[in-house]
Amino acid sequence: MGVSSADGITTTELAWDVGFGPELHAWFLHPQGVDPSTLPGVLDLHCHAGIKSIGAERLLPGPVGKAYQDMYEDGVAFAALLAARGVAVLAPDTFSWGSRRFDFSQAQGQLADLGTLLAGVGVSGNDLYDGMAKLHEHLLAKRAGAIGTSYAGMVAHDDLTSLAVLRSLTSGPVSVTGFSGGGGRGPTLSALDPGIEKVSIVAMMATNESLVPDHLDCHSWLLNTPWRHRTLDLPEMAANRREHRLHVVYCEQDELFPIAGMKAADAELTRLFADAPGSYEGVFVPGPHGISRATHELVADFLVF
């Protein structure tokens, strides 16, 4: 669609049909003057953060994602940082975010009532959309379950199309990374696609047991698929075939995950990879739920071949 170059990085906006709803938009970044088909690829998955009016643009330089970056990511546009390290990066929107957002202009029932309430107290624009989207996610999860899938499954559908697009643009190994909700999408993809080389997860790992019941409400339907807590622990999901290289960053003061649950997950992942062809590295960093510039560099060190 559009191509721009700045600070030594070429960024191309792409869009494609995923089979239903609006086209999915993504941004493809690589070092300027380098043929991206010769580079390894990284799929950079945006987080949840209760912000659905934008998706992957929060990973890019520029005014759209700046407020989010300043709040959660130490002011860093990670997709650009990663591309500057010499890899090709695809930062895609996904189901219900950004270009794949829903149209609430004809909302009915509970959603319409909430929209009227928020507008009545002066909420407008993207803030109004994001406020309505919090309730809408519950409705989406209900409807997805009714047709035999899940909210996380709908997101995984879109992410798999993004993975296929990245592979069509690069020729080297492909890795996946994400912070928070984006980090949670990484293990799902590596479980579904055996060709992923590396997965880096930031601030999105603990045992199921440690989250029930006190840490359920602070997480989205991406983590709370009904059957998963009974059948598949988060470390088991992240390990899956144990053939990839897994990197997990834990925030020691993360308010969304108890420290005991993070340490238990680290121990379980160490055990699961002990005799595996793949590898696991867990890193504990100080601080609350967020990602500092130093942690961004740590993740980039792991991902760059």
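Tabulated values for the structure
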item: Selection within the stretch 165-223 - of a type in the set (S, T, N, Q), under 21 Å from ASP301 (Cβ atoms) and over 15 Å from the mean Cα position of the chain (by Cα); result: THR170
item: Candidate set: the stretch 59-75, residues that are part of a helix (DSSP H, G or I) and among the charged types (D, E, K, R); chosen: the one farthest from THR12 (Cα to Cα); result: ASP70
item: Any hit, the stretch 15-28, residues being touching an Asp or Glu at 6+ places or on another chain (Cβ under 6 Å) and either on the phi > 0 side of the Ramachandran plot or among the hydroxyl-bearing types (Ser, Thr, Tyr) (or both); result: no
item: The stretch 237-261: number of residues that are within 19 Å of the chain's Cα centre (by Cα), over 27 Å from ARG143 (Cα atoms) and surrounded by 15 or more Cβ atoms within 10 Å (Cβ to Cβ); result: 12
item: In the stretch 144-165, the residues that are over 14 Å from VAL18 (Cβ atoms) and of a type outside the set (Ser, Thr, Tyr); result: ALA144, GLY145, ALA146, ILE147, GLY148, ALA152
item: Selection status of LEU128, touching a Leu at 6+ places or on another chain (Cβ under 6 Å) and of a type outside the set (D, E, K, R); result: yes
item: Filter pass, SER162 being crowded, with 17+ Cβ neighbours inside 10 Å and at pLDDT 95 or above; result: yes
item: Any chance VAL249 is touching a His at 6+ places or on another chain (Cβ under 8 Å) and either under 15 Å from ALA191 (Cβ atoms) or assigned to a strand (DSSP E or B) (or both); result: no
item: The stretch 11-58, subset part of a strand (DSSP E or B) and not hydrophobic (A, V, I, L, M, F, W, C), residue surrounded by the fewest Cβ atoms within 10 Å (Cβ to Cβ); result: GLU13
item: Positions within the stretch 1-10 being outside any loop (DSSP other than H, G, I, E, B) and either small (Gly, Ala, Ser) or more than 15 Å from PHE78 (Cα to Cα) (or both), in sequence order; result: GLY2, VAL3, SER4, SER5, ALA6
item: From ALA88, ALA112, ALA119, ALA67, residue being surrounded by 17 or more Cβ atoms within 10 Å (Cβ to Cβ) and either of a type outside the set (Lys, Arg) or over 15 Å from the mean Cα position of the chain (by Cα) (or both); result: ALA88
item: Leading residue by the ranking (nearest to ASP214 (Cα to Cα)) among those in the stretch 258-286 that are in contact with a helix residue (DSSP H, G or I) (Cβ under 7 Å, 6 or more places away or on another chain) and of a type in the set (A, V, I, L, M, F, W, C); result: ALA260
item: Any hit, the stretch 143-159, residues being among the basic types (Lys, Arg) and out of contact with any helix residue (DSSP H, G or I) (no Cβ under 7 Å at 6 or more places or on another chain); result: yes
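The values are calculated or read from the model by the stated rules, or taken from the named source; none is laboratory data. Because the structure is a prediction, the values reported are computed rather than measured. Cβ sites come from the backbone with ideal geometry, for glycine too, and all protein chains shown count toward neighbours.
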